[in-house]
Amino acid sequence: MILVVLENQRGKIHPFSIEALVAGQKFAKNLNCDLAVLCIGEKVKELKSQAQNFKSSKLILAEHSLIDMYSADGYSKVLSDVITELSPKYALFGHSYMVRDFVPRVSAKLNMPFVSDIISVDFKDGNPHFSKQVFNAKLATSIEVSSDQALLSFQSAAFSSDDIEEGEPEAEVDFNVQLLDNDIKSKSEPEFQESSTGVDLTAAELIVSVGRGIESEDNLPSMESLAEAMGAEVASSRPVVDMGWLPPYRQVGSSGQVVSPKLYFSCGVSGAIQHVVGMKGSKNILAINKDEDAPIFEIADYAVIGDVLEIVPKLTEEINNSK
Ligand SMILES: Cc1cc2nc3c(=O)[nH]c(=O)nc-3n(C[C@H](O)[C@H](O)[C@H](O)COP(=O)(O)OP(=O)(O)OC[C@H]3O[C@@H](n4cnc5c(N)ncnc54)[C@H](O)[C@@H]3O)c2cc1C
């Protein structure tokens with residue numbers, strides 16, 4: 001059996017969990033086994049009503065007042081109990097902040113390996129081989145698990161939510177959660193959000209991203225006008241943040257946010273690997289750069305070779321005139 005664990009993000013299944021569910025559906029097919037989907041903790045009913053739209057063998061609901069609020073102690077205890085009872089071959093997660101917090105505890109409790117932040121899976125000879133970036137994304141390593149069971153988390157965009165198989169669970173069961181007050185020794189702060197201003201780049205469908213190619217902070221308003229005309233969020237490369245032109249929560253990349261919008265509109269960004277790991281999962285990438293050899297063009301769907309400072313104001317005007 002494959003187990004996928006869903007996470008609640010402000011009333012909806014976390015987008016990373018949807019991608020983990022796509023992974024789960026593929027694993028179940030390749031390994032010819034059942035797929036169980038676990039809705040755990042806070043607002044299980046919200047997760048359940050959405051998870052009922054996706055194909056699985058079984059939907060498991062783990063509800064208890066002591067895990068109404070997330071805690072690493074509570075979640076790791078309940079998940080360890082679920083895994084002990086169901087004995088899945090693999091338990092799958094999106095690689096979210098919450099998963100980074102509680103899944104290592106499950107790994108330690110059950111003495112089960114945790115392969116985290118996987119970027120792709122190859123089913124060679126029926127056995128999965130996991131690819132993972134190391135040394136700040138400069139190298140990729142291939143991992144094979146020799147133990148009978150493992151915990152696996154997937155980097156955003158390792159699987160595409162577009163590939164989700166809709167349908168319905170074949171069965172639905174309540175898990176008998178056994179928790180005592182003294183199982184919960186730590187209390188979590190309210191849910192971490194990327195910024196205090198409520199900007200959530202990970203949920204943005206359209207992003208205008210600016211790089212050092214905009215040349216000066218004085219040119220930022222022109223890029224922001226394009227974003228406003230498109231109804232997009234503004235993001236940036238790291239130098240733009242380092243120079244103080246935009247706040248850190250706008251940064252995309254290995255030391256910033258990982259985004260996967262429908263359109264990533266890149267303006268004067270070179271496409272260094274540390275930036276690309278944060279946006280390569282975008283459904284469409286349009287890049288403007290005056291250097292035809294800029295690495296960003298290797299992953300761009302649409303390449304515009306030219307001066308961003310000339311093109312963007314004209315484009316903004318066109319968009320505004322067409323409204
Ligand atoms: C440990 C570590 C972590 C890092 N983390 C991140 C991260 O999270 N995110 C990140 O972005 N970077 C990160 N970096 C930095 C990364 O290596 C690059 O230096 C950075 O992404 C480059 O930003 P840039 O593309 O804006 O600037 P540049 O590399 O300077 O590129 C500017 C681009 O603009 C083009 N250009 C110039 N003028 C124009 C014009 N008028 N019109 C059109 N194009 C023009 C140029 O041809 C060039 O391609 C990290 C680095 C390290 C070492």
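Points to keep in mind about this one:
- Overall size of the chain from C-alpha positions, given as principal axis extents largest first: 62, 44, 36 Å.
- Helix 220-230 and the longest principal axis of the C-alpha atoms of the chain enclose an angle of approximately 60°.
- Residues whose amide H lies under 5 Å from that of residue 123, counting only those 5 or more places away or on a different chain, are 129; hydrogens are built 1.01 Å from N in the peptide plane.
- Averaged over its residues, the chain has an accessible area of 48 Å² per residue, based on protein heavy atoms and a 1.4 Å probe.
- Close amide-amide hydrogen proximity is noted between residue 177 and 63, each under 5 Å apart and 5 or more residues distant or on a separate chain (H modeled in the peptide plane; Pro and chain starts excluded).
- Cα-based reach from residue 283 at 16 Å (exclusive), listing aspartates and glutamates while leaving out same-chain residues under 8 positions away: 19, 162, 163, 205, 233, 298, 301
- In this Cβ point-charge picture (+1 for Lys and Arg, -1 for Asp and Glu), the chain has a dipole of about 600 debye about its Cα centre.
- A crude spin-label estimate for the pair residue 243 and residue 299, with each label 7 Å from Cα along the Cβ direction, gives 2.2 nm.
- Segment residue 173-residue 148, length gained on full extension (0.36 nm per residue, minus Cα span): 6.5 nm
- For a straight C-alpha distance cut-off of 24 angstrom, the lysines reachable from residue 48 (same-chain residues fewer than eight places away being disregarded) are 12, 26, 29, 58, 77, 89.
- Cα gyration tensor shape of the stretch 85-165, rounded if a/c is under 1.5, else prolate or oblate by comparing a/b with b/c: rounded
- In this calculation the C-beta distance from residue 68 to residue 310 is compared with R0 = 51 Å, giving a FRET efficiency of 0.40.
- Cβ crowding within 10 Å averaged over residues, with 251-257, 178-184, 30-36 ranked highest first: 251-257, 30-36, 178-184
- Taking amide H positions as modeled 1.01 Å from N, with prolines and chain starts lacking one, the residues under 5 Å from residue 56 and 5 or more places away or on another chain are 168, 170.
- Label-point separation, residue 29 to residue 217 (7 Å along Cα→Cβ), nm: 5.1
- Within the chain, longest stretch clear of exposed chymotrypsin sites (Phe, Trp or Tyr not before Pro) (DSSP loop, no more than 11 other Cβ within 10 Å): 1-134
- When the solvent-accessible area of the chain is split by element, carbon and sulfur atoms take up 47 percent of it, the probe being 1.4 Å.
- Per-residue 3J(HN,Hα) values for the stretch 142-157, derived from phi via the Karplus relation 6.51 cos²θ - 1.76 cosθ + 1.60 with θ = phi - 60°, read 9, 10, 10, 9, 9, 6, 5, 9, 7, 9, 10, 10, 10, 5, 3, 6 Hz in sequence order (x marks Gly and Pro).
- For the stretch 51-108, the extents of the C-alpha atoms along the principal axes are 29, 26, 23 Å, listed from largest to smallest.
- One Cα centroid belongs to the stretch 1-27, the other to the stretch 202-236; the line between them spans 31 Å.
- In the chain, the DSSP-assigned H stretches of four residues or longer account for a calculated mean residue ellipticity at 222 nm of -8000 deg cm²/dmol, using -39500 (n - 2.57) per stretch and the full residue count as denominator.
- Couplings for the stretch 255-267, taken from phi via the Karplus curve 6.51 cos²θ - 1.76 cosθ + 1.60 with θ = phi - 60°, read 10, x, 8, 9, 10, 8, x, 5, 9, 10, 9, 9, 10 Hz in order; Gly and Pro are left as x.
- Calculated from backbone phi, Karplus (6.51, -1.76, 1.60) coupling profile of the stretch 171-177 in Hz, x at Gly/Pro: 8, 9, 9, 8, 8, 7, 6
- Computed with a 1.4 Å probe on the full set of protein chains, the accessible area for residue 120 sits at about 50 Å².
- On full extension, the segment bounded by residue 45 and residue 186 gains 48.3 nm, given 0.36 nm per residue less the C-alpha separation.
- Positive-end residue of 84, 14, 57, charge dipole of the stretch 1-91 with Cβ unit charges: 57
- Estimated FRET transfer efficiency (residue 86, residue 165; beta-carbon r; R0 30 Å; 0.05): 0.90
The values are calculated or read from the model by the stated rules, or taken from the named source; none is laboratory data. The model shown is predicted, which means the values in this text are computed figures rather than measured ones. Cβ atoms come from the backbone with ideal geometry, glycine included; neighbour counts cover every protein chain shown. Surface areas here come from the heavy atoms of the whole protein model, side chains and all, with no ligands, DNA or RNA. Shrake-Rupley method; radii C 1.70, N 1.55, O 1.52, S 1.80 Å.
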